[in-house]
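See below for the structure under consideration.
The values are calculated or read from the model by the stated rules, or taken from the named source; none is laboratory data. Only a predicted model underlies this, so the values are computations on that prediction, with no experimental measurement involved. Quick reminder, even Gly has a Cβ in these numbers, built from the backbone with ideal geometry, and neighbours come from all protein chains shown. With ligands, DNA and RNA removed, areas are computed over all heavy atoms of the protein, side chains included. Shrake-Rupley method; radii C 1.70, N 1.55, O 1.52, S 1.80 Å.
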Amino acid sequence: MPRIITFDICSLITLVILLLSIFIRRMTRGTSNILFFILTIVVFISGIFDILRLWLPTVLSINLKSKVFVYIMNYFYFIFRNLSTPIYILFIFSVCGMWHEFNNDLLLKLTWAFPLIGILGLLGFDVFTHKVFEITDNLEYVRGPWLSYMRIAAIWVLVYSIICLVYNRKMLNRYKFLMLISLAPINIIGVLLQTYFPQYIVEILSTTFPLLFISFAVQKPEEIMDMNSRSLNYQAFKDELNRNFAAKRKIRLIFLQITNFERLQNQFEKESINDFLSRIIKEIYEICNNDEYEVYYLDKGSFVVLTLYDDQSEIELIAQKIRTFAAGKHPIHSINIMFDFKLCYVRCPEELKDYNSVLNFEKNLDSVLFQNNTLIFLDEIADSKEFQISHQIDHIIQKGFKNNSFEMYYQPIYNIEKRKFVSAEALIRLKDEELGFISPGIFIPAAEKTGTIHQIGNFVLEDVVKFISESSIEYYGLEYIEINLSVAQCMELHLTDTIQGLLEKYKVSPEKINLEITETSQQMNYEIIEKNIKTLSDSGITFSLDDYGTGYSNILRITKLPLNIIKLDKCFVDDLEKPGMKIIIKETISMLKKLNKKILIEGIETYDEFDYFRNAGCDYIQGFYFSKPLNRDDFFRFLQTTNDIDEVETL
């Protein structure tokens with residue numbers, strides 16, 4: 001009976017396209033991707049030997065040598081064909097997060113290997129008995145009585161794969177589960193069809209199309225791969241984390257964060273940075289040197305190594321090697337650079353008990369870890385107050401709003417010409433009922449990451465405007481109150497409506513507030529910011545530029561924006577005695593004066609500092625020399641005392 005190999009040819013063409021797509025989509029890193037690639041290769045080789053074993057008898061001369069050659073082609077076909085399903089089961093283990101259990105569970109290995117050993121044993125005996133199949137002297141293929149046993153073993157392996165998927169169905173969404181399980185019934189149908197209709201060679205085809213479905217439905221690169229670093233991404237990390245916590249497995253994590261990554265991005269081209277990231281991923285994989293470890297790139301210079309392996313000494317050694325590697329020199333575009341980093345070893349659930357705790361820890365890693373360029377073990381710092389605050393900061397912020405734990409403090413600002421305090425900067429403070437005062441340096445960056453900075457900003461605006469309306473600030477000699485606007489607030493489309501609405505609600509004149517903005521990033525949307533500032537300025541509100549001398553202060557932008565006051569950062573005070581700093585200060589003040597800007601110096605703590613900047617031409621002085629930030633009552637008591645004194649400078 002002639003055999004139709006058209007289906008095999010179609011399968012090979014499809015598999016070639018699939019293999020090319022794997023490389024094009026860079027799906028060659030990570031245990032699941034590697035196993036899927038191997039599976040595709042095995043099915044492809046099976047198809048080649050299937051074609052050869054059926055086609056060669058039609059073209060070879062009939063002799064003993066040809067007969068042996070056809071036997072060899074058939075044996076290779078059966079070996080590779082029967083390898084595909086066990087490899088598929090390993091792929092399922094990996095996708096479902098069971099790879100570690102498979103590596104460490106002897107019974108699971110035996111259950112997986114037993115039918116495969118049986119099939120290979122049957123083929124081994126067949127070399128001498130020809131009970132599975134036989135090649136006649138005319139080079140014809142004849143089924144043997146043992147072939148049915150091979151079919152039963154193959155079907156059992158497929159059923160076993162169904163059992164594995166059903167057992168782990170909670171680890172997959174419904175769509176992925178259906179795509180993965182489709183391979184088994186389609187393969188069984190293919191085996192039965194080829195058994196009862198041997199002229200139709202459809203077994204390879206019955207595996208090829210499920211692989212195609214799985215490739216595009218389960219192995220989606222846009223979902224699990226970071227195209228810049230060519231590695232598993234944040235979503236893949238979250239999925240793996242969720243699966244393992246759901247299965248109540250122990251997880252070991254090594255977090256690595258490049259703290260000055262944004263500066264590197266600004267310094268080098270995108271292609272050079274991508275190559276740099278890829279080399280780091282590759283180096284970490286080489287350090288781990290074990291398929292029990294997966295490396296993920298979480299974006300913005302953050303990496304994590306995840307393993308279910310529980311050899312404490314080995315993992316600590318790997319973490320130390322990563323620290324040594326990170327502390328070394330790294331080439332970017334032929335330039336050797338060194339970067340600052342945070343590195344931490346974490347055990348779950350011993351130290352971080354659930355999925356959300358890990359994600360929260362990763363998100364706040366920079367503020368949670370206080371040491372750079374060293375390996376930190378989380379268990380050594382987990383009980384400290386600083387860690388408890390940093391790690392729980394999102395919860396603390398929400399609890400602060402619920403319990404009214406936020407309060408505004410005011411730091412007086414001294415006017416050199418008038419020789420009295422004419423304004424104050426409003427500063428938000430948070431006092432947690434359990435942990436005490438929480439530094440703004442901790443909760444403000446956390447709020448910027450989560451978006452609650454808008455909620456905090458709205459609280460500050462309303463509380464200060466209400467404070468002005470309820471207090472006779474003119475009685476105490478105050479002309480206005482300064483309010484900080486975060487970058488996120490500056491880019492709000494409805495910022496002007498919000499502020500003007502509050503002024504109308506509390507019957508406060510626009511001249512009573514001065515808004516402070518900060519240039520902290522080159523990635524701000526200046527079009528929206530400039531529109532907001534100009535609209536508010538036209539309504540009578542004045543503006544200051546805070547922290548001048550840090551970040552990305554831009555002289556051209558200072559000339560474009562209606563800024564009344566430029567606040568020199570505390571770094572000018574701290575570095576006052578450094579060579580050349582006084583020249584820089586003198587020229588900076590001279591330039592800003594020519595631009596008709598008022599100048600405020602922050603961070604003054606001693607009389608000598610006050611005296612220097614007063615004589616250097618500053619208009620306003622702010623700092624601990626006069627007063628720390630004060631709550632409302634203490635602030636008014638301070639003003640009652642000091643603004644009645646003629647010579648405040650002697651304080």
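LYS594 to ASN404: extension gain in nm, 0.36 nm per residue of separation minus the Cα-Cα distance?
Taking LYS594 through ASN404 to full extension adds about 63.9 nm, to one decimal.
Which value, in Å to one decimal place, does the Kirkwood hydrodynamic radius take for segment 59-118 when every pair of different Cα atoms is included?
Here the Kirkwood hydrodynamic radius works out to 13.9 Å.
Carbon and sulfur: what percent of the chain's accessible surface (1.4 Å probe)?
56 percent
Would you compute, for the Cα atoms of segment 376-436, the largest minus smallest coordinate along each principal axis and list the three values in descending order, in whole Å?
The Cα atoms of segment 376-436 stretch 55, 31, 15 Å along the principal axes, largest first.
Give the calculated FRET efficiency between GLU101 and ILE152 to the nearest 0.05, with a Förster radius of 35 Å applied to their Cβ-Cβ distance.
FRET efficiency, GLU101 to ILE152: 0.85.
Heavy atoms of the protein only, probe of 1.4 Å, neighbouring chains included. What is the accessible area of TYR200 in Å², nearest 10?
Ignoring ligands and nucleic acids, TYR200 comes out at about 100 Å².
Work out the FRET efficiency for LEU120 and LEU64 from their Cβ-Cβ distance, taking R0 = 22 Å, and round it to the nearest 0.05.
0.30
Could you sort ASP538, ASP619 by accessible area so the largest value comes first, with the probe set to 1.4 Å?
Reading off the accessible areas and sorting them downward yields ASP538, ASP619.
Show the residues, 5+ positions off or on another chain, whose built amide H is closer than 5 Å to the amide H of ASN484.
Residues meeting the amide H criterion: ALA426, GLU516.
Let's test this: bin the Cα-Cα distances of segment 139-243 at 10 Å from zero up to the farthest pair and state each bin's percent.
13, 34, 28, 16, 8, 1
For segment 371-505, taking Cα atoms only, what is the radius of gyration to one decimal and the Dmax to the nearest whole Å?
Radius of gyration, then largest Cα-Cα span, for segment 371-505: 18.0, 56 Å.
By how many degrees, 0 to 90 and rounded to 10, does the Cα axis of helix 632-642 deviate from the longest principal axis of the chain?
So the helix axis and the longest Cα principal axis differ by about 30 degrees.
Give the Kirkwood hydrodynamic radius (Å, one decimal) of segment 109-149, defined as one over the mean of 1/r across all pairs of different Cα atoms.
11.0 Å
How many times 2.2 N^0.38 Å is the alpha carbon radius of gyration of segment 269-359?
1.17
Given labels modelled 7 Å from the Cα in the Cβ direction, how far is it in nm from GLU587 to SER334?
A separation of 3.2 nm, rounded to one decimal place.
For segment 147-191, compute Rh as the Kirkwood radius over C-alpha pairs and then the Stokes-Einstein diffusion coefficient at 37 °C and 0.692 mPa s; write the answer in µm²/s, rounded to an integer.
Stokes-Einstein gives a translational diffusion coefficient of 297 µm²/s.
Just read off the accessible area of THR324 with the full protein assembly in place, 1.4 Å probe, to the nearest 10 Å².
Probe radius 1.4 Å; accessible area of THR324 about 90 Å².
Between GLU350 and GLU530, what's the calculated FRET efficiency when r is the beta-carbon distance and R0 is 60 Å? Round to 0.05.
It comes out at approximately 0.75.
What does the accessible area of ILE389 come to, in Å² to the nearest 10, when a probe of 1.4 Å is used?
Here the residue's solvent-accessible area equals roughly 10 Å².
Just the Kirkwood number for segment 1-148, please: inverse of mean 1/r across all distinct Cα pairs, in Å, one decimal.
So the Kirkwood estimate lands at 17.2 Å.
Put one equal scatterer on each alpha carbon of segment 289-329, apply the Debye formula with no solvent term, and list log10 I(q)/I(0) at q = 0.17, 0.26 1/Å to two decimals.
Taking Cα atoms of segment 289-329 as identical point scatterers yields -0.52, -1.05.
Going by alpha carbons, how many degrees (0 to 90, nearest 10) lie between the helix axis of 106-129 and the longest principal axis of the chain?
Taking Cα atoms only, the helix is inclined about 30 degrees.
Using alpha carbons only, how many degrees (0 to 90, rounded to 10) separate the axis of helix 453-470 from the longest principal axis of the chain?
20 degrees
Give me D for the chain in µm² s⁻¹, whole number, from Stokes-Einstein with Rh from the Kirkwood sum over alpha-carbon pairs, 4 °C and 1.567 mPa s.
Once the numbers are plugged in, D ends up at 43 µm²/s.
Kindly work out what percent of the DSSP beta bridges joining two residues of the chain are antiparallel, to the nearest 5.
Expressed as a percentage, antiparallel bridges in the chain total about 60.
Using amide H atoms built 1.01 Å from N in the peptide plane, name the residues 5+ places from SER423, or on other chains, whose amide H lies under 5 Å from its own.
When sequence neighbours closer than 5 places are left aside, the close amide H contacts are ILE413, GLU479.
Positive end of the dipole of the chain, charges at C-beta (+1 Lys, Arg; -1 Asp, Glu), about the Cα centre: which of PRO629, PHE406, TRP112 has its Cα farthest in that direction?
TRP112
Using a 1.4 angstrom probe with every protein chain in place, what is the largest-first accessible-area order of LYS578, LYS531?
LYS531, LYS578
Note the full-extension length gain between LYS170 and PHE325 as 0.36 nm times their separation in residues minus their Cα-Cα distance, in nm to one decimal.
52.0 nm
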